[in-house]
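Here is the structure we will look at.
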Amino acid sequence: MKHLLSAQDLTRDQAIQILDIAEEMAATQAREVKKLPTLRGQTVVNLFFEDSTRTRISFETAAKRLSADVINFSPKGSSVSKGESLKDTVLTLGAMHTDAIVVRHYASGAPYNIAHAGWTDACVINAGDGTHQHPTQSLLDAMTMRRHLMGPTPVGQDLNGLSIMIVGDVLHSRVARSGVDLFTTLGAKVTLVAPATLLPIGVDTWPCGVYYDLDQALREAPPDALMMLRVQKERMSAAGGGFFPSPQEYTRDYGLDEARLAALQRHAIVLHPGPMNRGLEITSGAADGARSVIVEQVANGVAVRMAVLYLTMTGAKGKVAA
Ligand code: ASP
């Protein structure tokens with residue numbers, strides 16, 4: 001695997017391989033000395049054209065734990081603010097012998113251009129492009145679900161038989177798109193719940209069920225894993241707003257509150273990719289409650305990104321060298 005651009009590109013076996021290697025990586029992170037020598041002498045550039053807390057820090061941590069050198073690039077303060085193109089930025093990184101580019105970009109498809117336009121030989125990993133894909137997010141979500149819901153020894157397993165519900169701003173969510181792709185590849189049944197204004201055109205062709213009423217969905221398709229999405233206010237205001245009547249109405253119809261939490265199956269877990277709008281799509285009680293695995297998602301993100309950097313940058317097929 002040279003690049004990771006989309007969850008859609010992963011076969012079931014490849015996805016399981018990444019999750020299994022992430023488990024090995026996670027085990028190394030419980031040690032006193034967390035660093036492995038695997039990528040010593042290699043350089044990873046974090047090329048982030050959009051804001052990020054978890055994903056950027058997590059890729060940086062993952063690369064450093066594998067002993068790579070890490071350069072963090074943000075357009076503010078670089079020649080991008082003088083109008084330099086993506087192509088010239090990538091050619092510049094290539095001239096400095098970058099081995100991997102982790103890219104987040106506001107334009108859907110930018111990582112494909114970087115990987116396939118002949119601008120660089122580096123491995124390209126998509127860290128979120130527009131409203132399109134965020135493959136490492138869906139892998140860390142799958143790792144978290146597998147650990148909680150697929151028995152005590154998740155290694156080698158897929159998500160067969162799980163019911164996964166994704167609620168909220170699907171329209172703007174690369175997390176939802178990657179999740180639908182990966183979770184269905186891994187054998188889960190996915191249900192989306194959103195107001196019609198926050199569902200993309202063509203959602204009826206996606207391999208998942210769709211509900212407009214959250215309470216009905218929770219009754220009729222009770223989830224093992226309930227993923228709440230962030231209301232992406234920045235993309236909504238860029239589009240002129242008007243996606244729902246008021247925040248209060250959104251919270252009443254689509255928010256996860258204590259009553260909906262209490263209606264979940266006993267074993268069900270609650271996920272959120274972050275950053276959360278507490279009080280809008282999720283109450284603090286739900287975000288911090290016993291069913292919440294939101295902090296674990298962040299921890300698993302480091303292990304998954306170590307696995308992805310390892311597999312792409314070493315071209316490895318097998319086990320991680322200790
Ligand atoms: N952090 C995730 C992303 O970058 C989810 C979000 O921003 O709502 O897509």
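The values are calculated or read from the model by the stated rules, or taken from the named source; none is laboratory data. Here the structure is a predicted model, which means the values were calculated and not measured. When we count neighbours, we look across all protein chains shown, and the Cβ atoms used for this are built from the backbone with ideal geometry, even at glycine. We work out accessible area using only protein heavy atoms, side chains counted, and drop any ligands, DNA or RNA first. Shrake-Rupley method; radii C 1.70, N 1.55, O 1.52, S 1.80 Å.
Okay, residues lined up against (1) within 14 Å of the ligand (Cβ to nearest atom); (2) within 25 Å of residue 215 (Cβ to Cβ); (3) of a type in the set (Ser, Thr, Tyr); (4) in contact with a helix residue (DSSP H, G or I) (Cβ under 9 Å, 6 or more places away or on another chain):
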position	(1), (2), (3), (4)
240	no, no, no, no
255	no, yes, no, yes
260	no, yes, no, yes
263	no, yes, no, yes
270	no, yes, no, yes
278	yes, yes, no, yes
294	yes, yes, no, yes
308	no, no, no, yes
311	no, no, no, yes
Quiz prompt | Flag for residue 80 being more than 16 Å from the ligand (Cβ to nearest atom), at pLDDT 95 or above and open to solvent by 30 Å² or more (accessible area, probe 1.4 Å) | solution = no
Self-check item: Tally of residues being in contact with a Pro (Cβ under 9 Å, 6 or more places away or on another chain) and in a helix (DSSP H, G or I) across segment 186-227
Solution: 1
Quiz prompt | Unmet requirement for residue 166, which otherwise passes all of (1) within 24 Å of residue 266 (Cα to Cα); (2) without any contact (Cβ under 8 Å) to a residue 40 or more places away in the chain | solution = (2)
Self-check item: The one condition in (1) within 20 Å of the chain's Cα centre (by Cα); (2) touching a residue at least 24 places away in the same chain (Cβ under 8 Å) that residue 51 fails to fulfil
Solution: (2)
Quiz item: Pick from 155, 170: which is assigned to a loop (DSSP other than H, G, I, E, B) and in contact with an Asp or Glu (Cβ under 9 Å, 6 or more places away or on another chain)?
Solution: 155
Self-check item: So residue 175, is it surrounded by 20 or more Cβ atoms within 10 Å (Cβ to Cβ) and within 16 Å of the ligand (Cβ to nearest atom)
Solution: yes
Practice problem: Check whether at least one residue in segment 130-142 is modelled with pLDDT of 95 or more and more than 16 Å from the ligand (Cβ to nearest atom), and report yes or no. | Solution: no
Quiz item: Restricting to helices (runs of 4 or more DSSP H) lying wholly in segment 248-322: which have 3 or more residues that are over 30 Å from residue 66 (Cα atoms)?
Solution: 258-262, 284-288
Quiz item: Can you tell me which residue in segment 228-238 is nearest to the ligand (Cβ to nearest atom), limited to those that are hydrophobic (A, V, I, L, M, F, W, C) and either assigned to a helix (DSSP H, G or I) or open to solvent by 60 Å² or more (accessible area, probe 1.4 Å) (or both)?
Solution: 236
Quiz item: Is segment 144-155 home to any residue that is under 17 Å from residue 58 (Cα atoms), away from the ligand (no atom under 14 Å from the Cβ) and touching a Pro at 6+ places or on another chain (Cβ under 6 Å)?
Solution: no
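Quick check, is residue 27 open to solvent by less than 40 Å² (accessible area, probe 1.4 Å), within 23 Å of the chain's Cα centre (by Cα) and more than 16 Å from the ligand (Cβ to nearest atom)?
For residue 27, the condition - open to solvent by less than 40 Å² (accessible area, probe 1.4 Å), within 23 Å of the chain's Cα centre (by Cα) and more than 16 Å from the ligand (Cβ to nearest atom) - is not met.
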